[in-house]
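A.B. asks: Mind having a look at this structure? Questions to follow.
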Amino acid sequence: MTRLIIESAVLSGLALAGLMIAAGANAYVVQLLFSTALAVTLAVGWNLIGGMAGYVSFGQVGFFGLGAYAGALAMLKWALPWPLAIVLAACLAAFLAWPLGRIMLRLSGIFFALGMFGLARVLQIIVNALEITGGPMGTSIPTAEGPGATAMAMVALATGAVALMMAISRSRFGLRLAALRDDAIAAAAAGVDTSRVKVAAFCLSAGLAAAAGALYARNVGYIDPASGFAGTIELQTVLMVLAGGIGTVWGPVLGGIVISLLSTALWARFPTEQQIILGALTLLLAVAMPGGLASIPPLSTWLRRPMLGAFTPGAATPAPAPAAVAADHAGAVLACRGLGKRFGGVVAVAGVDLAVAPGEILAVIGPNGAGKSTLFDMISAFSAPTSGEIRFRGALCAAMPPHLLARAGIARTFQTSRLFPHLTVFETVLLAAASRQHRFRDAQQAASALLAATDLADDAERFPDALPPGRQRLLEIARALALAPAVLLLDEAMAGMTAAEIARVHAVLRAATRRGTAIVAIEHVLPAIASLAARAQVLDNGQTIAEGPPAQVLSDPMVIEAYLGGDEMALAS
């Protein structure tokens, strides 16, 4: 709360200073203020999709140009007041960004960046060819009564953009954005609708860029394709975010102010070399200071993302979801029939049947390459089966996306821990709890209770990379349990744990089964789960070769031969 008050005071002070300059300074200073506020707005908008969501874009200038033309045409053709025209331009860009985002955000990495670059060029070609936009010659727009009016409006827009980022960074949406940036698959397993989250961020980013473009056109009184879709705008925007600190709230503000003033100074002294110098500076910052100014020790504490929520000692244990004990008519909460998966000519899983009842623990074992993790991928909807069916609570669930299946009651861990490097231990569990709890306060209490139950309370404010491997596994189990699952899929979850940590996991799992949770646990070595499991099912070459009580399975000659070439003692170790 103290930090929020300080940040609000700083933002209010900057906004008040900007408004005072716009009202009383000379024209040159007012234009410099306008350019700086414009830079901050563009940097904050780009950081929303490029920094917080992790989708580096080379085409946000496309929405800037779209907003400039939309605002200009709304004023010229429809005679709208310029404030209303700017709002209309922002809404239009956000509206168009929704379907575009659903297409473009299927790409990732350099492919998304190049796709956005192409989108900006396509928009430039379109406005260049249309008569209504003035074609390549552009169009003139009635300017504001004075530079102070648009400068005040731009300061207000920049202030609103920063306030929006402050709110997002402290919200459930911001937590999901951070998880999406770190690991989209793990985020989906925690119940996050990754598609909706990243498209929403894309739309907000587009709206900010378009509003800035419309105000820019109003300020200069003229717009043409070359100025509306200038690559220099994109270059400077990326440089500002990199300079300040990508993914932070205040980094783009600091970077926007510094780079805007530096760019103006360079243009005054080296007009022809300005872009070369800025390009070289971008490369230098990316190599020498990848964290930007936000990584400098005196600033890092205040510029880093604030931790969302806090561990609450003594929080009540969350009640299990009522549906957690539901089962189909055969008594199995999860039933797989003839499940198969083929990758080209390679058969990973071939006709596997699997069923588990509420409160039961089933151990799935087998040698490396037996198809165990592929089986889990199909059950949790991260991979579509080639054949067979999966029924959860008696209903077919193959068509459900992973995040909905996680919310419905099938939670999982991964063979290789998939955690979020930039989320604390508490936030990692809170992310999943917030997918099931409607009230955020209830999610915080549920996360606190799980940290206490899994002996992770002392690590609540640490990041996963600071934990030893065993506790990282424990954290992943806590994240899965935060979904209050009816079925818990554990993929070698106890690998790398100490005896004390395994004992803690066993206690947590026993408590979960008492609440009716069914557990399917993959383990390479059966003794890690044998004391808990009622049944064991052995896979080899994608097929079930044995099933029954653990002691019986351990002594099966086929299992011993498939597992370790006849070494019975090694299997039991």
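A.B. asks: Scan the helices (runs of 4 or more DSSP H) fully inside the range 178-296 and keep the ones with 2 or more residues being under 21 Å from residue 35 (Cα atoms).
C.D. replies: By residue number, 194-220, 225-228, 231-244, 251-269, 274-288.
A.B. asks: Quickly run through the range 195-253 and pick out the residues that are over 20 Å from the mean Cα position of the chain (by Cα) and on the phi > 0 side of the Ramachandran plot.
C.D. replies: Listed by number, the list holds a single entry, 221.
A.B. asks: Filter the helices (runs of 4 or more DSSP H) completely within the range 10-118 down to those with at least 1 residues that are in contact with a strand residue (DSSP E or B) (Cβ under 6 Å, 6 or more places away or on another chain) and crowded, with 21+ Cβ neighbours inside 10 Å.
C.D. replies: Those helices (runs of 4 or more DSSP H) span 61-77.
A.B. asks: Out of the range 203-217, which residues are of a type in the set (A, V, I, L, M, F, W, C) and farther than 19 Å from residue 104 by Cβ?
C.D. replies: Correct list: 211, 212, 214, 215, 217.
A.B. asks: Quickly run through the range 126-160 and pick out the residues that are hydroxyl-bearing (Ser, Thr, Tyr) and at pLDDT 90 or above.
C.D. replies: Residues satisfying the conditions are 150, 159.
A.B. asks: Select from the range 452-503 the residues that are of a type in the set (Asp, Glu) and outside any loop (DSSP other than H, G, I, E, B) and write down the one among them that is modelled with the lowest pLDDT.
C.D. replies: 501
So that you can scan it fast, the table gives a plain yes or no per residue for (1) among the hydrophobic types (A, V, I, L, M, F, W, C); (2) touching a residue at least 12 places away in the same chain (Cβ under 8 Å); (3) surrounded by 18 or more Cβ atoms within 10 Å (Cβ to Cβ):
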{"residue": "351", "(1), (2), (3)": "no, yes, no"}
{"residue": "358", "(1), (2), (3)": "no, yes, yes"}
{"residue": "372", "(1), (2), (3)": "no, yes, yes"}
{"residue": "403", "(1), (2), (3)": "no, yes, yes"}
{"residue": "406", "(1), (2), (3)": "yes, yes, yes"}
{"residue": "410", "(1), (2), (3)": "yes, yes, yes"}
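A.B. asks: Examine the range 398-411 for a residue that is assigned by TED's automatic domain parsing to the domain that holds residue 491, in a strand (DSSP E or B) and under 27 Å from the mean Cα position of the chain (by Cα), and state whether such a residue exists.
C.D. replies: Yes, the range 398-411 contains a residue that is assigned by TED's automatic domain parsing to the domain that holds residue 491, in a strand (DSSP E or B) and under 27 Å from the mean Cα position of the chain (by Cα).
A.B. asks: Going by the structure shown, is residue 553 crowded, with 18+ Cβ neighbours inside 10 Å, in contact with a helix residue (DSSP H, G or I) (Cβ under 8 Å, 6 or more places away or on another chain) and at pLDDT below 85?
C.D. replies: Considered against the rule, which asks whether it is crowded, with 18+ Cβ neighbours inside 10 Å, in contact with a helix residue (DSSP H, G or I) (Cβ under 8 Å, 6 or more places away or on another chain) and at pLDDT below 85, residue 553 comes out as yes.
A.B. asks: So which residues in the range 101-115 are in contact (Cβ under 8 Å) with a residue 60 or more places away in the chain and farther than 12 Å from residue 57 by Cβ, if there are any at all?
C.D. replies: 102
A.B. asks: So for the range 194-214 (the condition being hydroxyl-bearing (Ser, Thr, Tyr) and under 20 Å from residue 92 (Cα atoms)), does at least one residue qualify?
C.D. replies: Scanning the range 194-214, I find at least one residue that is hydroxyl-bearing (Ser, Thr, Tyr) and under 20 Å from residue 92 (Cα atoms), so the answer is yes.
The values are calculated or read from the model by the stated rules, or taken from the named source; none is laboratory data. Predicted model only: the values in this text are computed from it and were never measured. Cβ atoms come from the backbone with ideal geometry, glycine included; neighbour counts cover every protein chain shown.
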